[in-house]
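Engineer: Take a look at this one; I'll ask things after.
The values are calculated or read from the model by the stated rules, or taken from the named source; none is laboratory data. None of the values given here were measured: they were computed from a predicted structure. Every residue, glycine among them, receives a Cβ derived from its backbone with ideal geometry; neighbour counts consider all protein chains shown.
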């Protein structure tokens with residue numbers, strides 16, 4: 001006789017008390033829409049328009065139009081990466097300017113692409129150059145320039161700031177690898193949980209940037225512990241892809257919760273230390289002012 005298969009995560013599953021378990025709430029903490037998202041999608045769409053007519057022209061004109069389309073696609077790709085790099089720059093308190101000004105290069109390639117498209121249709125250089133310059137100017141007006149100066153470096157030891165920036169960049173790569181790995185599990189809840197953990201870790205980043213003295217206390221968290229979290233995530237994804245075992249998934253969720261709590265606790269401890277140092281400094285200054293006033297009155 002046929003029997004319905006069911007499990008803890010099957011539709012209609014019930015717990016030991018006979019109640020249907022509620023799904024875990026989805027957290028959108030740390031999930032921000034990409035700036036200029038609609039305009040970037042429009043750039044990619046417009047770059048493909050030359051395909052509609054390129055193959056119905058003579059060979060030379062077709063090659064020119066396809067070259068212009070390639071330049072427009074490159075411009076859209078550079079601009080999207082430039083917007084992402086600028087968002088990361090704005091989020092951090094200590095940041096180097098992007099090594100490659102992608103949005104500026106995107107404007108240049110946009111102008112070159114438009115110039116090629118105009119030139120391929122008319123075979124006159126001056127209107128093509130003018131159209132390209134206008135397109136580049138409009139691109140800069142729509143997306144702006146890349147950050148051209150370092151941020152938060154005034155009065156900070158350059159060697160120390162470089163060490164902090166390098167350490168946080170390495171930690172961000174570990175988080176990116178962790179998110180990429182969990183994406184292969186095809187589990188939306190797990191992806192949201194990993195995203196929330198990444199935001200907890202970034203709170204620790206901001207604390208270290210605000211007070212570089214905290215780097216020594218947070219070094220293991222930014223290195224060894226994050227490497228362990230990344231490796232554990234990769235191993236979980238490989239195992240879960242083969243078995244889809246509910247207990248393995250539950251163990252990984254508990255592991256993420258512990259990680260999140262420990263990183264949050266480390267950030268809170270660093271904040272308490274900063275508060276303690278502040279209290280000590282203010283008490284010392286008050287004591288000095290009191291002694292100075294007593295000396296003047298005497």
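Engineer: Mind checking which residues of segment 135-148 are surrounded by 13 or more Cβ atoms within 10 Å (Cβ to Cβ) and farther than 10 Å from residue 103 by Cα?
Structural biologist: 135, 136, 137, 138, 142
Engineer: Sticking with this structure for a sec: Before we move on, is residue 192 at pLDDT 85 or above, assigned to a helix (DSSP H, G or I) and surrounded by fewer than 20 Cβ atoms within 10 Å (Cβ to Cβ)?
Structural biologist: The answer is yes for residue 192.
Engineer: Here's something else I'd like to know. Checking the condition modelled with pLDDT under 85 and over 27 Å from the mean Cα position of the chain (by Cα), which residue from 24, 67, 54 passes?
Structural biologist: From the options 24, 67, 54, the qualifying one is 54.
Engineer: Suppose we filter 207, 227 for residues that are in the same structural domain as residue 270 (by TED's automatic domain parsing), within 25 Å of residue 92 (Cα to Cα), assigned to a helix (DSSP H, G or I) and at pLDDT below 85; which single one remains?
Structural biologist: On inspection, the qualifying residue turns out to be 207.
Engineer: Given the options 114, 83, 129, 108, name the one that is outside the structural domain of residue 235 (by TED's automatic domain parsing), in a helix (DSSP H, G or I), over 30 Å from residue 53 (Cα atoms) and modelled with pLDDT of 90 or more.
Structural biologist: Testing whether each residue is outside the structural domain of residue 235 (by TED's automatic domain parsing), in a helix (DSSP H, G or I), over 30 Å from residue 53 (Cα atoms) and modelled with pLDDT of 90 or more leaves just 83.
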